[in-house]
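For reference, the structure is listed below as structure tokens.
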Number of protein chains: 6
Amino acid sequence: MFATSLGDDGAELRPLEPWQAEEFLAHMDRGREFVGEHIALADAVHDLDSARAFLRAYADKAASDTGRLYGIWSDGTLVGGVLLRTMDVAAGTAEAGCWLEPSAAGRGLITRACRLLIDWVVEVRGLHRVEWLASSENAPSIAVARRLGMTREGVLRENYPHRGVRTDTEVWAVLAPEWRAARGVPSGVRGA
Amino acid sequence: MFATSLGDDGAELRPLEPWQAEEFLAHMDRGREFVGEHIALADAVHDLDSARAFLRAYADKAASDTGRLYGIWSDGTLVGGVLLRTMDVAAGTAEAGCWLEPSAAGRGLITRACRLLIDWVVEVRGLHRVEWLASSENAPSIAVARRLGMTREGVLRENYPHRGVRTDTEVWAVLAPEWRAARGVPSGVRGA
Amino acid sequence: MFATSLGDDGAELRPLEPWQAEEFLAHMDRGREFVGEHIALADAVHDLDSARAFLRAYADKAASDTGRLYGIWSDGTLVGGVLLRTMDVAAGTAEAGCWLEPSAAGRGLITRACRLLIDWVVEVRGLHRVEWLASSENAPSIAVARRLGMTREGVLRENYPHRGVRTDTEVWAVLAPEWRAARGVPSGVRGA
Amino acid sequence: MFATSLGDDGAELRPLEPWQAEEFLAHMDRGREFVGEHIALADAVHDLDSARAFLRAYADKAASDTGRLYGIWSDGTLVGGVLLRTMDVAAGTAEAGCWLEPSAAGRGLITRACRLLIDWVVEVRGLHRVEWLASSENAPSIAVARRLGMTREGVLRENYPHRGVRTDTEVWAVLAPEWRAARGVPSGVRGA
Amino acid sequence: MFATSLGDDGAELRPLEPWQAEEFLAHMDRGREFVGEHIALADAVHDLDSARAFLRAYADKAASDTGRLYGIWSDGTLVGGVLLRTMDVAAGTAEAGCWLEPSAAGRGLITRACRLLIDWVVEVRGLHRVEWLASSENAPSIAVARRLGMTREGVLRENYPHRGVRTDTEVWAVLAPEWRAARGVPSGVRGA
Amino acid sequence: MFATSLGDDGAELRPLEPWQAEEFLAHMDRGREFVGEHIALADAVHDLDSARAFLRAYADKAASDTGRLYGIWSDGTLVGGVLLRTMDVAAGTAEAGCWLEPSAAGRGLITRACRLLIDWVVEVRGLHRVEWLASSENAPSIAVARRLGMTREGVLRENYPHRGVRTDTEVWAVLAPEWRAARGVPSGVRGA
């Protein structure tokens, strides 16, 4: 029922809900190798039940206002998504993240979707700080953080065990005033 | 993050979530008399806690795919909404409903929003039957059912106790083939 | 511990509880073809676990006062039952239903049991409206509604998917004053 | 809907359910002093909410088959009850108990009701052992145990704190073969 | 992180938590025959899942302050344990119990561990009565009760079904003043 | 029942459980100003109910193996504590923390307690990484991290809203090999 254009190439951001588990699984099957190189999502979503459980967990986060999940569709095909893995309204903080299947890489889809998401977090919800955690070996993810104008705040050493290896996790973040300044929004102005 | 235009007058359908409880309550306060004339919603939403609980109940229904709730905004103000009070995907049935504050009445907003909602129910979700229950004294609601091309299937006598009086409940419904025929969609074609 | 006579032929209405799952399943196995022709109960109760789960669901409804289930025994054999599928004390409404294995059909057992049940709903619990939903193809069930003095209020078209076919659902109901008038109970008199 | 006669004086055993909380509270108010002398029930049921909670707890025990509660009515007035405080079907054991308001004392109502209850426990449910715990100062309760043919198995010293004093708890019990022998039921015969 | 010496032979009492399920299962495997002769524990803990579930149940009892479980280690090997199967702080009562693998029998480990446990129950927690239930055929367990200075209060006849046979259950108990007198603690003195 | 010495001055680490809520609250009342300067704990524990709820939350974390809480007693008085705010056994990570009332400051109690805690996390539980988060204005807490041999990995800017001000959060951490090297434990050796 809802779709927000991500630009001139027909890509869209849409809600991604539990009833779409089959579509989500088919997408993950296409992107499993690529998506799974640096993050656990691909391994966690391996059949219809686990796909439904994953989407259900995020629907429950939405209901309790502690997280969100949205899909990116390109030419009518689900090709990736962005999410708020955690969201603490009282503390004014959230952690954003993303995934993409390889056929859709290289077009800036994630960056465009994240701009929408962070606009919502900062301007609509009034949170103060959006984090981005990425493996230090995940160059594309780090490039997104940089393009979003985030600051590299530190490296959590050997933090993330993935497929048998512990990798460092870089912590990037952008603060609301920084976001507004970069977007050209005068401070103090908050829309809905 | 999401908004679907309801027409040229700037009205929009948007998600309506628990974090919007204050906005929802203010809207209900404006429309309490009007909304409450025929349905229990106005009485159920009387302070911030009950507003949040109502929205949370529908967020939980969305998570379990058993209901939905969307708001109608006009010039940036929440003025009403449409909902799926129940939704039984296995049985292929749903019950739709609506509410509106008086300032927004007379413009066909509900009918327009319901068309979007039923399109989604029928074309995207593939349900077979959408019901509409209204007090036999609620002429505007019955007029919506008629405008949506629904058929009056019966009257549940003295079914609904509201503010001390039991009223009859009219049952209207539209079936998927009827909906598609009226919308000019060739049968057998289902989009997303 | 409890049994209420249904007449001179030794038939009785008794509580039907989760610990009786084996007896319930054996009964359902005898009546599966007959019971399952029009309603989902027979398909839902197909082994000991599902029999226990079904009875447990109704025991939970009894605990929360939102439904009831009773069995009909004939010569010591469980042959059918009546139930309140839903019960909304605040709204003053309930939906009654029944099932029977074929060996016990044709003796008016269901009608007798329903009279006891509706007497309780109307006279003891003070509800105002008792509904009865039946497939328009389920002639015996509709005959019961008629014998109970119910009024046919409408037909929910293609409402009920059962074994691959969608059937119409007839809605019948009796209101408390009607029930009392037919039973010869002066209005305003309510026993326990 | 159900009532089992306790004898020629019109006393009856009936289900006692959460919706009867008002009637239960009124009864407890009449018997508070008397009932509360030796057991905690009177103190636990002090207003409508606690009455409902108590009855709900036993309805939940019935649903999970771990306890039961029944009321005794005399001339249409609730005057007491019997219960299975615990019930362990796998272990074949249960603990029975009772309470009575003073107006109904001295007529053997509890003994008669307990006979029905233990018959059900032993003959219908097939449990092996029924316990009865009573304060050593609660002569009427101990007299019931004796009249039921139970054996005094021990005394739990200073076991039960009640209104500021710790009292001894006598443990009485009857085994299924003893119960059947005393009732004249040939061993090996079990009805429903 | 915690260990309390049980004497000069290096035996220790330690917390026993869900994460130790593997160690607990290996211990139970070694002692299965011996432990299972009189109590259900050995049959209940038969694989890793059931071992974890058993320990988790006691961790939940600790969280709600309704039970406790501790392990006995000898030379670094888990060889048995003591527990509070139930604990009712408001009533001032608890039921203690134990188990041991055969290699550790005959050294008084259980008695020593129980002394620590009952000291905590009586002196730290201020409970009044500690029960000990044992099969009348479980001579070692009864010997422990006797060594702990408990009094035999009764025999629950044919109370405990175990591996196809119903055995009598002896009830032993010690009261706080008795415990203190036997331990040489002046009444009225309570430490932490 | 359990206490581990923290050194020659009589200080001890002990379990801290929900039943100790009164003692915990009294301690927090003594240290409220001091404890509350940098962390939310003091504000969260303001009466008996909130004290019990806080301890209960950690008892539940212990039961699910996702956190731990221990108290520090000095001369029999609860003066502070250490905790694992989070613990992810599958990921091999945990976040440690602490608090202290002012009377006990300056004696190295926290450092000593943390050494015990991290030894358990690393050597007994086999986790790989222990984090320490502290406000950049909380010099004593940062000093502890440094004394524990942790490395400063980054600064989460304006991360923590406390009493109306957002402060930076420093992230420190120690990895298992580093911990063992500093403690003189040969790598590859893991005790219990």
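The values are calculated or read from the model by the stated rules, or taken from the named source; none is laboratory data. Keep in mind it's a predicted model, so treat the numbers as computed, not measured. Quick reminder, even Gly has a Cβ in these numbers, built from the backbone with ideal geometry, and neighbours come from all protein chains shown. Heavy atoms of the whole protein, side chains included, go into the accessibility calculation; ligands, DNA and RNA do not. Shrake-Rupley method; radii C 1.70, N 1.55, O 1.52, S 1.80 Å.
Under 20 Å from residue E:62 (Cβ atoms) and in contact with a Phe, Trp or Tyr (Cβ under 8 Å, 6 or more places away or on another chain): which single residue out of F:100, F:117, F:41 fits that description? Just one listed residue meets the conditions, F:117. Taking the conditions (1) open to solvent by less than 40 Å² (accessible area, probe 1.4 Å); (2) of a type outside the set (Asp, Glu); (3) within 13 Å of chain E (Cβ to nearest Cβ); (4) in a strand (DSSP E or B) in turn, residue D:134 satisfies each one other than (3). Taken over the range B:116-131, residues that are touching a residue at least 40 places away in the same chain (Cβ under 8 Å) and either in a helix (DSSP H, G or I) or open to solvent by less than 10 Å² (accessible area, probe 1.4 Å) (or both) amount to 10.
Every condition in (1) under 28 Å from residue D:33 (Cβ atoms); (2) within 11 Å of chain C (Cβ to nearest Cβ); (3) buried (at least 17 other Cβ atoms within 10 Å of the Cβ) is met by residue D:109 except one, and the failing one is (2). Which count do you get for residues in the range C:143-171 that are open to solvent by 20 Å² or more (accessible area, probe 1.4 Å), within 19 Å of residue B:156 (Cβ to Cβ) and not in a strand (DSSP E or B)? Selection size over the range C:143-171: 2. Remark: residue F:180 matches the filter, which requires a residue to be more than 18 Å from the chain's Cα centre (by Cα), in contact (Cβ under 8 Å) with a residue 24 or more places away in the chain and either within 13 Å of chain A (Cβ to nearest Cβ) or open to solvent by 10 Å² or more (accessible area, probe 1.4 Å) (or both).
Just to be sure before I move on: is residue B:95 more than 12 Å from chain A (Cβ to nearest Cβ) and under 15 Å from residue B:148 (Cα atoms) in the structure I sent? Yes; evaluated as a whole, the condition is true for this residue.
Tell me which residues, restricted to the range A:55-82, are assigned to a helix (DSSP H, G or I) and open to solvent by 10 Å² or more (accessible area, probe 1.4 Å). Correct list: A:56, A:57, A:58, A:59, A:60, A:61, A:62.
Residue F:146 passes every criterion in (1) closer than 23 Å to residue A:127 by Cα; (2) of a type in the set (D, E, K, R); (3) more than 8 Å from every other protein chain (Cβ to nearest Cβ) apart from (1). Applying the criterion of being among the charged types (D, E, K, R) and at the interface with chain B (Cβ under 10 Å from one of its Cβ atoms) to the residues of the range A:13-41, the residue that is most open to solvent (accessible area, probe 1.4 Å) is A:23.
Among the residues of the range F:42-54, those identified as outside any loop (DSSP other than H, G, I, E, B) and either among the acidic types (Asp, Glu) or surrounded by 16 or more Cβ atoms within 10 Å (Cβ to Cβ) (or both) are F:42, F:43, F:49, F:51, F:52, F:54. Scoring residue E:140 on the criteria (1) within 14 Å of chain F (Cβ to nearest Cβ); (2) open to solvent by 10 Å² or more (accessible area, probe 1.4 Å); (3) touching a residue at least 12 places away in the same chain (Cβ under 8 Å) leaves a single failure, condition (1).
Taking the range F:69-88 as the range and being over 24 Å from residue F:161 (Cα atoms) and either more than 9 Å from every other protein chain (Cβ to nearest Cβ) or basic (Lys, Arg) (or both) as the test, the residues that pass are F:71, F:72, F:74, F:75, F:77, F:78, F:79, F:88. Exactly one residue among A:105, A:113, A:42 is in contact with a strand residue (DSSP E or B) (Cβ under 9 Å, 6 or more places away or on another chain) and closer than 30 Å to residue F:169 by Cβ, and that residue is A:113. In the range D:83-100, the residue that is farthest from residue C:1 (Cα to Cα) out of those that are open to solvent by less than 30 Å² (accessible area, probe 1.4 Å) and not in a strand (DSSP E or B) is D:91.
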